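Shown next, in C-alpha cells, is the structure this report addresses.
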Amino acid sequence: MHIKPQGPKGYPFIGSITKLASANRLNWLQSMSNTYGDVVRFKLLKRNVYFVNHPDLVKDMLTRSSSNYTKKTIGFKMVKVVLGESTFTAMGDEWRRKRLAVQPYFHRKKIANLATIMTDCIEEMLAEWETVCDEGKTLQTTDAMMQVTLKVVVKALFSTALSDEDIQTVADIFNPLLEATNRRVVLPLPFLYRIPSAKNKQYPEYIAQLDDIIYRIIKQRKTTQDKPMDLLQMLMDATDEETGLPLSDEDLRNEAMTMFIAGHETTANAMSWLWATLSQKPEIREKIEQEVDQVLGKRTPVAADFSNLPYCQKVFKETMRLYPPVPMLPRHVESDDVLGNYTLKGGSDVLFSAYLLHRHPDFWDQPETFNPHRFDADAEKQQHPYAYIPFGGGPRMCLGNNFAMMEAVFILAMATQRFKLNLTPNANIKPLISLTTRPKYGVPVILERR
Ligand code: HEM
C-alpha cells in the first residue's frame, strides 16, 4: 500500500520557511519526523519539500534512484556561482565524464603520494604551536585547523607554485567567500544578492581574485618543464573518457575551486570537534597517545602508517558521527517516484540529514555517547551503511574521503606526539549547525607539552 507523506501545514504563502531557516531546524525536522513518520511533507514558499529520515529510504534515493534525485536545487545553483560545472555540481553525463576523469587520482594508493605534503604542512603548524605553548597563549584550534587544511589542499593541488604569501591571500579571501556562500545556500533568495550592497559587490570580486591565481598557475604549468606530481598535474594529465581530450582550463579551474571549497572547511570542522571531545575524554586521549607512541614514537608518519593507526581512525569516524561536517543535504525529485512505500511528487525537493541519521535511536545504541568502538571491524559490519553517511553515499559519494581520513589521522597523530590540547576554563562549546556543523564559539585550548 502506498502512503502519501503528511506534515505540518505551515503559514499561508511562506509555508514552513521560518522553521527551516531557524537555527533549530534540525530539532524541528526531528520532531516532525517523530510526528509524521519517516517521510514528512511541507511547503517552502510554493515549493513542495520532503524530509526523509530513514537509512533504507536514503539509500534508495542515493543509489537505486540516484538519477531521479538530482542536484537541481536552488542551493546547488548558488554553489555553482563559485564552482562552475565541476564534479561537485555537474549532473548527468557531464558529471559522469568529470568524475571518471578525476576519480582515479583520489584512490587511496594515489593519495599516498600526497602524504609528505600533508605531514610537511602539519609540521609547520606544530612548529608555530611550540611558540604558542612557550608563551602560554591560548590557541584557537578552529582557526589553526582551517589554516592547516587550507594549506594542505593548496599544496596538494599546486605544490610549491604558491608562496606562503599567496596562500595567506587565498586564506584571507576564503573566509568571507565561504561565509557569503554559506549564507546564499542557507537563504537561497536570489533577489537578496542582487541588491547592490558593498557585500554583494565584493562577492564576484573574491571569486575573480581566486580565478586570477588559479588561471595564472595553470598557465605557468603549461609552459614549464618542471612537472611536480601534485593534484593539478594529475588533473592536467587526465583525459575525457569519450573524447580522449584533456580537461579544459575552465574545467581545471572548476575542479581546483571545488577542492578548495569542499576539501578544507569540512575536515577542519571535524578536527575542531575532535579536539573539544578529547579534552573532555582523557581516557580516550590516553588510548590515542598509546597507539601513536607505539606505532610512530617520535618519527613523522608516512602513508603506510595510516592503516596502523586504527584507533585514531575510529576516533575521527566517531567524531564525524556526532558532528558530521555536512549535516544536511538536498536533492530534487525529477519525476514522480515511490520511495519505500511513500509516493513522492516530481518537481519537489527532498532533504535528508546525516546529523539526524547518525543519532537515530533505531540504529545507534546510546546515540549521544561518544564511543569509538562502534567502529571496531565487527561492530562496523553490523551498522546500517546509510545510518552513517558523513561522506554521503552512492555514486555521488565524496571524492575526497580517503584524502580527508589520511589528513585527519595525521593531524591527530602528529599533534599527539607533542601536545595535549586542554580546553580553556571559559571555553563554551556549542554547535552551530547550518550548511556545516561547527563549534559556534570555537575551541580555545591551552597546549601542554607531553
Ligand atoms: C571530513 C571531510 C569531508 C567531508 C565530511 C565531506 C563530505 C562530503 C559529502 C557529504 C559529499 C556529498 C555531497 C552530496 O551528495 O550532495 C561530498 C562530495 C564531494 N567532496 Fe567531500 N567531504 C570531505 C572532504 C573532501 C575533500 C578533502 C575533498 C577534495 C580534496 C572533497 C571533494 C568532494 C567532491 C569533489 C565531491 C563531489 C563528488 C560528486 O558529486 O561526484 N571532499 N563531500
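Restricting to region 270-300, name every residue that is under 23 Å from A115 (Cβ atoms) and among the hydroxyl-bearing types (S, T, Y).
S272, T300
Please go through region 89-105 and give me each residue that is surrounded by 19 or more Cβ atoms within 10 Å (Cβ to Cβ) and either within 9 Å of the ligand (Cβ to nearest atom) or on the phi > 0 side of the Ramachandran plot (or both), ordered by number.
Selection gives T89, A90, W95, K98, V102.
Which residue is farthest from the ligand (Cβ to nearest atom), if the candidates are limited to region 208-241 and must be outside any helix (DSSP H, G or I) and either without any contact (Cβ under 8 Å) to a residue 12 or more places away in the chain or surrounded by fewer than 15 Cβ atoms within 10 Å (Cβ to Cβ) (or both)?
Here the residue is Q225.
Restricting to region 47-98, what's the tally of residues that are part of a strand (DSSP E or B) and among the hydrophobic types (A, V, I, L, M, F, W, C)?
Going through region 47-98 one residue at a time, the tally reaches 3.
Here is a yes/no grid of residues against (1) under 18 Å from D143 (Cβ atoms); (2) surrounded by 20 or more Cβ atoms within 10 Å (Cβ to Cβ):
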site: R253; (1), (2): no, yes
site: M259; (1), (2): no, yes
site: E265; (1), (2): yes, yes
site: Q280; (1), (2): no, no
site: I284; (1), (2): no, no
site: N308; (1), (2): no, no
site: F316; (1), (2): no, yes
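Considering A127, A101, A144, which residue is in contact with a helix residue (DSSP H, G or I) (Cβ under 7 Å, 6 or more places away or on another chain) and not in a strand (DSSP E or B)? Can you show your working first?
Values: A127 fails: in contact with a helix residue (DSSP H, G or I) (Cβ under 7 Å, 6 or more places away or on another chain); A101 fails: in contact with a helix residue (DSSP H, G or I) (Cβ under 7 Å, 6 or more places away or on another chain).
Testing whether each residue is in contact with a helix residue (DSSP H, G or I) (Cβ under 7 Å, 6 or more places away or on another chain) and not in a strand (DSSP E or B) leaves just A144.
Quickly run through region 360-386 and pick out the residues that are within 17 Å of N53 (Cβ to Cβ) and within 16 Å of the ligand (Cβ to nearest atom).
P385, Y386
Since G392 meets every condition but one in (1) buried (at least 20 other Cβ atoms within 10 Å of the Cβ); (2) touching a strand residue (DSSP E or B) at 6+ places or on another chain (Cβ under 8 Å), which condition does it not meet?
Condition (1) is where G392 drops out.
Can you tell me which residue in region 156-184 is nearest to the chain's Cα centre (by Cα), limited to those that are modelled with pLDDT under 85 and over 16 Å from I207 (Cα atoms)?
My answer is S159.
Go over the candidates I389, I411 one by one and state the one that is touching a residue at least 12 places away in the same chain (Cβ under 8 Å), within 12 Å of the ligand (Cβ to nearest atom) and in a helix (DSSP H, G or I).
Matching residue, one of I389, I411: I411.
If a residue counts only when it is in contact (Cβ under 8 Å) with a residue 40 or more places away in the chain and more than 11 Å from the ligand (Cβ to nearest atom), which strands (runs of 3 or more DSSP E) contained entirely in region 309-350 have at least 3 such residues? Walk me through how you get there before you give the answer.
Working: elements: 329-333, 337-339, 342-344.
Hits in region 309-350: 337-339, 342-344.
Within 13 Å of the ligand (Cβ to nearest atom) and either touching a Gly at 6+ places or on another chain (Cβ under 7 Å) or modelled with pLDDT of 95 or more (or both): which single residue out of V52, V132, V79, V153 fits that description?
V153 is the lone residue from the list that is within 13 Å of the ligand (Cβ to nearest atom) and either touching a Gly at 6+ places or on another chain (Cβ under 7 Å) or modelled with pLDDT of 95 or more (or both).
Of all the helices (runs of 4 or more DSSP H) wholly in region 242-306, which have at least 1 residues that are more than 11 Å from the ligand (Cβ to nearest atom), within 30 Å of D211 (Cβ to Cβ) and of a type outside the set (G, A, S)?
Numbers: elements: 249-262, 265-280, 282-295.
So the answer is 249-262.
Taking region 156-195 as the search range and keeping residues that are outside any helix (DSSP H, G or I) and touching a residue at least 24 places away in the same chain (Cβ under 8 Å), which one is farthest from the ligand (Cβ to nearest atom)?
L187
Taking only region 83-102 into account, find how many residues are at pLDDT below 90 and within 17 Å of the chain's Cα centre (by Cα).
The total comes to 0.
Which of the residues spanning region 16-65 are among the small types (G, A, S) and surrounded by 21 or more Cβ atoms within 10 Å (Cβ to Cβ)?
The answer is S16, and nothing else.
Being under 29 Å from L187 (Cβ atoms) and within 16 Å of the chain's Cα centre (by Cα) narrows it down to one residue among Y441, Y355; which is it?
One residue alone meets the criteria, Y355.
As an exercise: evaluate A413 against (1) within 20 Å of V152 (Cβ to Cβ); (2) modelled with pLDDT under 95; (3) more than 18 Å from the chain's Cα centre (by Cα) and give the number of the one condition it does not meet.
If we test A413 against (1) within 20 Å of V152 (Cβ to Cβ); (2) modelled with pLDDT under 95; (3) more than 18 Å from the chain's Cα centre (by Cα), just (2) comes out false.
Consider region 175-205. How many of its residues are closer than 26 Å to L126 by Cα and crowded, with 19+ Cβ neighbours inside 10 Å?
Going through region 175-205 one residue at a time, the tally reaches 1.
The values are calculated or read from the model by the stated rules, or taken from the named source; none is laboratory data. Computed from a prediction, not measured in an experiment: that's the story for all the values here. Cβ atoms come from the backbone with ideal geometry, glycine included; neighbour counts cover every protein chain shown.
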